[in-house]
1. Expressed as a whole percentage, what fraction of the accessible surface of the stretch 225-296 belongs to carbon and sulfur atoms when a 1.4 Å probe is rolled over the protein heavy atoms?
2. Residues in the stretch 52-71, backbone N under 17 Å from the label point at residue 191 (7 Å along the Cα-to-beta-carbon vector): list them, ranges by number please.
3. Between residue 236 and residue 158, what is the label-point separation in nm under the 7 Å Cα-to-beta-carbon projection?
4. Just the number, please: carbon plus sulfur as a percent of the accessible area of the stretch 301-450, 1.4 Å probe, no ligands or DNA/RNA counted.
5. Classify the stretch 192-321: rounded, prolate or oblate, from the alpha-carbon gyration tensor (a ≥ b ≥ c, eigenvalue square roots; a/c under 1.5 rounded; otherwise prolate if a/b is larger than b/c)?
6. Under a straight-distance cross-link criterion of Cα-Cα below 29 Å, which lysines are reachable from residue 354, leaving out those fewer than 8 residues away in the same chain?
7. When the chain is treated as a GNM, springs tying every alpha-carbon pair under 10 Å, which of 292, 398, 409 comes out with the largest mean-square fluctuation?
8. Once amide H atoms are placed 1.01 Å from N in the peptide plane, what residues at a sequence separation of 5 or more from residue 264, or on another chain, have their amide H within under 5 Å of its amide H?
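The values are calculated or read from the model by the stated rules, or taken from the named source; none is laboratory data. It should be emphasised that the depicted structure is a prediction, and the values quoted were computed from it without experimental measurement. Positions of Cβ are backbone-derived with ideal geometry, glycine not excepted, and every protein chain shown enters the neighbour counts. Heads up: the accessible areas ignore ligands, DNA and RNA and are worked out on the full protein's heavy atoms, side chains in. Shrake-Rupley method; radii C 1.70, N 1.55, O 1.52, S 1.80 Å.
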Amino acid sequence: MRRLIASIFACLIAAPLWAAENVTTFELENGLEAVVIEDHRAPVVVHMLWYRAGAADEPPGKSGIAHFLEHLLFKATENLESGEFSEIVEANGGRDNAFTSWDYTGYFQRVAADRLELMMQMEADRMRNIRLTEEDIVTERDVILEERNQRTDSDPGALFGEQRRAAQYLNHPYGIPIIGWRHEMEELDMEDALDFYRTFYAPNNAVLVVAGDVDPAEVEELAKKHYGPLEPTPGLGQRFRPQEPPQLSERRLIYEDPRVAQPYVIRTYLAPERDPGDQEKAAALTMLAEVLGGSSATSVLGRALQVDTNRAVYSSAFYSGVNYDDTTFGLVIVPTPDYTLAEAEAELDKEVAKFLETGVDPEQLERVKTQIRASLIYAQDDVGGTARKYGAALTSGLTVEDVRAWPGLLKAVTEEDIMAAAREIFERQNAVTGWYRKPQTETETVEVSQ
């Protein structure tokens, strides 16, 4: 068994970073961009339509409208009755769904490859032809309000995250929850939904991703047939969003709720995202997160806080660069019951400071690179995941070339790159630090203040 594991490890080191994905692109005259990813291992296709419109593109005072509209697109169109879209997908042996983020909204179907044209026909229909009623508005508004009840208002961790994000982004709309603020959600109406729909649901604001057992030439012909006749939104320019002012001091908050089961400390720093043609710093931050807190057993924080000293039940560092605007780099520690949050934060700070002094262990960096290489190879087994990778990237400002270059940039990251990124990112004046805990007794409050 040891020889087998060693052999697999050696093969991963020697292998290319990942097998080249067979990707083709084209663009229609009306502005629709398309990516075709060939994978002929199974007679299945994933059809995804992504819009460059998410929660961060909503008009002021209309929070939640992007997610609300996502729900409404499953209502009637010129050619389909309300709910019929999903019924047809199911009747053809497939499944469908949709999702909303700050930077995009996406719709997808996974079906047999010979059903692709039917999916395009229906998706093209609802891109420009939804037919809403006032009953639809009232019904789905109640649905999203109940969704907020269940996923946010009844979850103290979700409420804490919402408050932290609002503290992180004072001016940028990333500080507004995707689902929306309740008082604004309650006022969303037909006009709000149709204004957002008519502006952003257009071929010149969309990315089509088709992945699976397909021929790129045939996909292009089908796209021309079904998406090609759709009219673009005139005058739809570059996305413009309010940006953050310089952060002059650390922001701190304590969130208390009797429902808290496990207290913890979390700190996030504003950090650069992956920019088109300029992803090197994001690659270094990705590797920093893995080296510092990617694994509870082998990372810097995991070994120091969990394995060696048992001061924490969990610790981590995290970063995701697929954002249109600045993202965050984060640290978290969940202390064992005999440590207070103040002590846990001090331990976290001590280990980060020690890391800045000692630097990156070269052997650990090689292990991390091997693990990433393996994960990228294994990820190619999921055609839907591959499609989502390209769709999220392109609607967040990146290009196909950036996606292709990313594995090589990760491989090229050096110890010096990681330490330069760490020294730049770990500036406390750029941080938001949050404590999540049960309400404290008077004695506990005094102890914390001391």
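1. Solvent-exposed carbon and sulfur of the stretch 225-296 make up 57 percent of the total.
2. Within reach of a label on residue 191: 59-63, 65.
3. Simple spin-label model gives 3.0 nm for this pair.
4. Looking at the stretch 301-450 in its full context, I get 51 percent from C and S.
5. Here the stretch 192-321 falls in the prolate category.
6. By straight Cα distance, residue 354 reaches 281, 369, 411.
7. 409
8. It is 436, by chain and number.
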